[in-house]
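Notes follow the structure.
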Amino acid sequence: MTRAAIIEVRGLCKRFGEVEVLRGLDLDVYEGETFVLLGGSGSGKTVLMKHLEGLLRPDAGTVRIAGHDVSGGARRELDATHRLIGVAFQAGALFDSMTVFDNVAFPLREQLSLSPPQIAARVEEVLGLLGLGDAGHKLPAALSGGMKKRVAFARALVLRPRVLLADEPTAGLDPLTTEAVDDAIISAQKALGATAFIITHDLPTAFRIADRIGLLHEGRIIEAAPPEQFRQSQHPAVKAFLHDWLERERAEGLVTR
Ligand SMILES: Nc1ncnc2c1ncn2[C@@H]1O[C@H](COP(=O)(O)OP(=O)(O)OP(=O)(O)O)[C@@H](O)[C@H]1O
Ligand SMILES: [Mg+2]
């Protein structure tokens with residue numbers, strides 16, 4: 001069985017001045033999967049995601065989303081894919097003067113002509129999926145950090161994107177809240193049948209939510225495998241990455257074994 005790739009990156013190269021960030025990167029993300037990208041700080045994860053969004057143009061190579069080439073800068077292709085992609089912004093990007101309901105309804109009102117009952121139904125659906133069923137009337141200031149992140153996801157999912165992109169969705173949260181946000185994101189994504197591309201620094205998150213984990217190293221995805229296989233990888237860079245993480249956790253006293 002060959003699986004259909006909804007994100008296809010081929011030979012992607014990007015440099016900033018002297019710094020060669022992406023060096024011929026290849027990546028397939030399959031329809032419906034949760035792909036988690038790991039990589040050291042400054043390895044180019046955010047730069048890669050900006051190419052998926054069509055916000056950066058490659059020096060060489062191509063990026064296709066659902067068959068549309070977003071790397072050539074053609075307006076038509078970019079417009080076609082913007083409807084397919086949901087991006088979870090940082091919590092700070094919520095509108096502080098709007099309720100949770102209105103924050104989530106915002107993209108619907110901007111982009112689709114739906115009746116108020118249709119809007120309410122769509123908003124209630126995603127709020128429910130993210131465990132925010134009772135929070136619609138609240139203002140962002142009254143929410144915890146984890147709830148704000150879930151609202152940001154609700155807003156990204158309300159247009160029912162085929163691809164959900166998220167850069168460090170749980171950064172700054174404590175481990176328990178991180179787990180709750182991870183679970184809410186994944187159950188909502190799966191319920192809506194979307195494909196997720198998620199960047200994280202958090203290894204427990206990666207192992208908990210990923211169908212496949214990828215490691216960005218020296219400008220390429222040098223390993224992309226299901227969690228258990230990734231853990232067993234013999235690639236030196238993967239072993240070093242996992243080892244470094246464990247050492248850091250030990251140093252911080254979080255892992256006692
Ligand atoms: N617009 C830009 N102009 C110049 N250099 C840039 C630009 N954007 C990114 N870079 C450089 O590209 C490299 C990769 O940056 P990127 O933000 O993708 O890292 P990252 O893997 O997301 O790191 P982190 O985990 O810290 O978020 C860095 O060296 C960064 O300084
Ligand atoms: Mg980054």
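Per 10 Å bin, what is the whole-percent P(r) computed from every C-alpha pair distance within the stretch 63-140?
Bins of 10 Å from zero give 17, 38, 29, 16, 1 percent of pairs.
Simple spin-label model, 7 Å along Cα-to-Cβ: THR99 to ARG57 in nm?
4.5 nm
Counting other beta carbons within 10 Å of each Cβ, put ASP183, ASP244 in order, fewest first. Before the final figure, lay out the partial values.
On the way: ASP183 14, ASP244 11.
In order of increasing Cβ crowding within 10 Å: ASP244, ASP183.
Over the stretch 137-257, calculate the relative contact order: mean separation of alpha carbon pairs under 8 Å at least 6 apart, over the residue count, as a percent. List each step's numbers first, then the result.
On the way: 109 pairs, mean separation 21.5, N = 121.
The value is 18 percent.
Report, in listed order, any pair from LYS14/LYS148; LYS50/LYS148; LYS14/LYS239 with a Cα-Cα distance greater than 29 Å.
Over 29 Å Cα-Cα: LYS14/LYS148.
Taking the Cα centre of the stretch 90-160 as origin and charging only Cβ (+1 Lys, Arg; -1 Asp, Glu), how large is the dipole, in debye to the nearest 20?
It works out to roughly 180 debye.
Between ALA74 and LEU139, what's the calculated FRET efficiency when r is the beta-carbon distance and R0 is 35 Å? Round to 0.05.
0.30
Over the chain, what relative contact order in percent results from Cα pairs under 8 Å that are six or more residues apart?
On the way: 468 pairs, mean separation 60.6, N = 257.
So the answer I get is 24 percent.
Roughly speaking, what is the centre-to-centre gap between the stretch 141-195 and the stretch 2-66 when only Cα atoms are used, to the nearest Å?
If we compute the Cα centre of each part, the gap is 22 Å.
Using only Cα positions of the chain, each an equal point scatterer, no hydration layer, compute I(q)/I(0) via Debye at q = 0.07, 0.10, 0.14 Å⁻¹ and quote the log10 values to two decimals.
These q points yield log10 I(q)/I(0) values of -0.25, -0.51, -0.99.
Quote the FRET efficiency, to the nearest 0.05, computed for ARG23 versus LEU242 with a Förster distance R0 of 35 Å and r equal to the Cβ-Cβ distance.
For ARG23 and LEU242, the calculated efficiency is 0.95.
Starting from the Cα of ARG10, step 7 Å along the direction of its Cβ; do the same at SER41; then give the gap between the two resulting points in nm.
3.7 nm
Dipole of the chain (Lys/Arg Cβ +1, Asp/Glu Cβ -1, origin at the Cα centre): which of ALA135, PRO204, GLN232 lies farthest to the positive side?
Checking the options against the dipole of the chain, the answer is ALA135.
Laboratory data are not the source of any read-out in this text; all were calculated from the coordinates shown. Not measured: the values here are computed from a predicted model. Positions of Cβ are generated from backbone atoms using ideal geometry, with glycine treated the same way; all protein chains shown enter the neighbour counts.
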